[in-house]
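Worksheet: one structure, shown below.
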Amino acid sequence: MTGASHPSRAEIVSGQLEGIRSLLAELFPANRFYTDKLAAVGVTFDVASLADYSRRFPFTTKAELVADQLAHPPFGTNLTQPLSRYHRFHQTSGTSGTPLRWLDTPESWQGLVESWTEIYRAAGVTASDRVYFAFSFGPFIGFWLAFEAASQLGALCLPGGGLGSAARLRAIIDNGATVLCCTPTYALRLAEVAAAENINLQASRVHTVIVAGEPGGSVPATRARWAELWPGARMFDHHGMTEVGPVTYECPARPGVLHVIESAYFAEVVDPAQGRPGAPCAIGELVLTSFGRVASPLLRYRTGDLVQAEPHPPGAPPCACGRHELALLGGIQGRTDDMVVVRGVNIYPGAVEETIRAHSGVAEYRVTLDRAHALTEMSVELEPAPDCADPTSLAEHVRHDFQANFALRVPITLVPPGTLPRFEMKARRWIRRQ
C-alpha cells in the first residue's frame, strides 16, 4: 500500500491547524468554560501554527472539569450550543475519580460516529459483517458509538446486553457473528466459559475481536494467550474516552501499535511531571485537542494515558500500513495515576499483566497493595487454568519472573479455580489496603 491512499503528513498537519482555528472561532463567546478560562490567562485566539498553539494555550485537566460540573450542575459550562440542542448524554466510569457527564449535539455525535467508523475500516469490517456487542449498554459512550457506527456502516448489529456469558457465546455462534466487540478481559472470560460449557469456539465465524477499555489489547502476552483460546480470529485494539471520543485504532500492519485518528484530534506527548514535550521515544502523557467535537470540546486535555510516540520527522516514509498518522508503540502503556512504588520500584499494571500473562496456565489473578507499613508491599493471588498440570510450578515461575523483571520478591498465593471475580467491563484486579 502506498501513501497515496492516505493523507500525507503535511495534509494532516494542515487539517489539524484548520480544525483548531475553526473550533476556536466557534467557542468564543459561546462556550463559557473556555471563554473564561482563556481570558483569565490572557490567551489570544489567533493561532499561527500547531507549535504556537501548544506553546500558548494552557492544559485542560479532569479536575477542572469536575469542579466546573460541581459548581454548575449537572452538566457544567463546557457547552458551545444552547442546552436544547443537545440530544446525547454519557458519563465516565468513575474508576479514576468523580464521574464526568458529557453531552453531544447531533452534529458532534455524527463526528464521533465517523471516527468509530474509521476504526471499523482499519479492522477490515464491512457491511457484510455481523457485529456482536458483548456488553450491557449503560452510560459509557463507547458502547453506543460502536453500535451506531456499525449500523451506519451497514453491518448487522447483534446486541448482547442482559445475557450471561454462555448465552452470549451461543448467540455468537447461532447468529453467525463475524466480529466481536468487548474488553480484552472479557474476551478471555468468554473463552474460559466456552471450555467450561463445552462450547466449541471453532464453530464460530468470528474473524476479528475488537477490544478496548484496558491496556491488555496491546500487551503481547495477553494477545498470545487470547490467540490460543480463539483459534482463527485476531484481536484488534483501539482506545477512546468519554470526554473526547474514539481516539486510536490498531495499525493493520503492526499489531500492538495504535494510530491516532488525527482527522479529529491534535495529539501531543508531554513529560507527566514537567508538562513539556518529552524526549523522542520517551514514554509520556497523551494530551488531546478534540477539534471535531465542537459542541463539547477539549483543548489540550491531559488524558492521563501513558504512551510512547514513534518519531515521524518531515519527509519520513509512511508506516508499513501506508499511513502517516501518529503511531503509539505498545498502545496505551498505563496511566499516570496507576503507577505505584513498591519498595522503591516503579510498577505499572500493564507491566504486571505482561509478566503474569506470559504464562498460559493463568486463568485469572489479583494484586493486593498493602500500605500499612513504611514501604508498600505487593502480593499476588493466582488462579490456575483448569488444564494447568502443575499449579505449584506455575506459581514458582511467576515468582521468578517478578524477581527478574522488577527485582522484587513478590508473594504468590495459589487459589482454587473459580475463586477470583470475573469482569464484563474494565477489570478491577488491584486492591489497595491502608
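Taking the criterion of being farther than 30 Å from residue 162 by Cα and either of a type in the set (A, V, I, L, M, F, W, C) or outside the structural domain of residue 303 (by TED's automatic domain parsing) (or both), would at least one residue in the stretch 77-97 satisfy it? Scanning the stretch 77-97 turns up at least one residue that is farther than 30 Å from residue 162 by Cα and either of a type in the set (A, V, I, L, M, F, W, C) or outside the structural domain of residue 303 (by TED's automatic domain parsing) (or both).
Rundown of residues vs (1) at pLDDT 95 or above; (2) assigned by TED's automatic domain parsing to the domain that holds residue 81; (3) crowded, with 21+ Cβ neighbours inside 10 Å, yes/no style:
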site: 100; (1), (2), (3): no, yes, yes
site: 107; (1), (2), (3): yes, yes, no
site: 119; (1), (2), (3): yes, yes, yes
site: 167; (1), (2), (3): yes, yes, no
site: 184; (1), (2), (3): no, yes, yes
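Among the residues of the stretch 321-353, what is the count of those that are farther than 21 Å from residue 287 by Cβ, surrounded by fewer than 20 Cβ atoms within 10 Å (Cβ to Cβ) and within 24 Å of the chain's Cα centre (by Cα)? So the count comes out to 6.
The single condition among (1) modelled with pLDDT of 95 or more; (2) closer than 19 Å to residue 34 by Cβ that residue 248 does not meet is (2). Tell me, which strands (runs of 3 or more DSSP E) wholly within the stretch 281-371 include 1 or more residues that are of a type in the set (Lys, Arg) and closer than 30 Å to residue 87 by Cα? Filter on the stretch 281-371 gives 301-308. For the stretch 66-80, indicate whether the set of residues that are among the hydrophobic types (A, V, I, L, M, F, W, C), out of contact with any strand residue (DSSP E or B) (no Cβ under 9 Å at 6 or more places or on another chain) and within 29 Å of residue 137 (Cβ to Cβ) is non-empty. Yes, there is a match, as at least one residue in the stretch 66-80 is among the hydrophobic types (A, V, I, L, M, F, W, C), out of contact with any strand residue (DSSP E or B) (no Cβ under 9 Å at 6 or more places or on another chain) and within 29 Å of residue 137 (Cβ to Cβ).
Can you tell me which of (1) out of contact with any Ser or Thr (no Cβ under 8 Å at 6 or more places or on another chain); (2) closer than 30 Å to residue 324 by Cβ is the one residue 72 doesn't meet? Among (1) out of contact with any Ser or Thr (no Cβ under 8 Å at 6 or more places or on another chain); (2) closer than 30 Å to residue 324 by Cβ, the lone unmet condition for residue 72 is (2). Among the conditions (1) without any contact (Cβ under 8 Å) to a residue 24 or more places away in the chain; (2) farther than 20 Å from residue 289 by Cα, residue 130 misses just one, which is (1).
If the condition is being closer than 11 Å to residue 343 by Cβ and among the hydroxyl-bearing types (Ser, Thr, Tyr), then the stretch 368-384 contributes only 376. Quick one: is residue 257 β-branched (Val, Ile, Thr), buried (at least 21 other Cβ atoms within 10 Å of the Cβ) and touching a Lys or Arg at 6+ places or on another chain (Cβ under 9 Å)? The answer is no for residue 257.
State yes or no: is residue 318 surrounded by 18 or more Cβ atoms within 10 Å (Cβ to Cβ), over 30 Å from residue 35 (Cβ atoms) and at pLDDT below 95? The answer is yes for residue 318.
For residue 390, the conditions (1) surrounded by 12 or more Cβ atoms within 10 Å (Cβ to Cβ); (2) acidic (Asp, Glu); (3) farther than 23 Å from residue 182 by Cβ are fulfilled apart from (1). Annotation for the stretch 135-146: at least one member residue is of a type in the set (S, T, N, Q) and either in a loop (DSSP other than H, G, I, E, B) or outside the structural domain of residue 109 (by TED's automatic domain parsing) (or both).
The values are calculated or read from the model by the stated rules, or taken from the named source; none is laboratory data. This is a predicted model, so every value here is computed, not measured. All Cβ positions, even for glycine, are placed from backbone atoms using ideal geometry, and neighbour counts span all protein chains on display.
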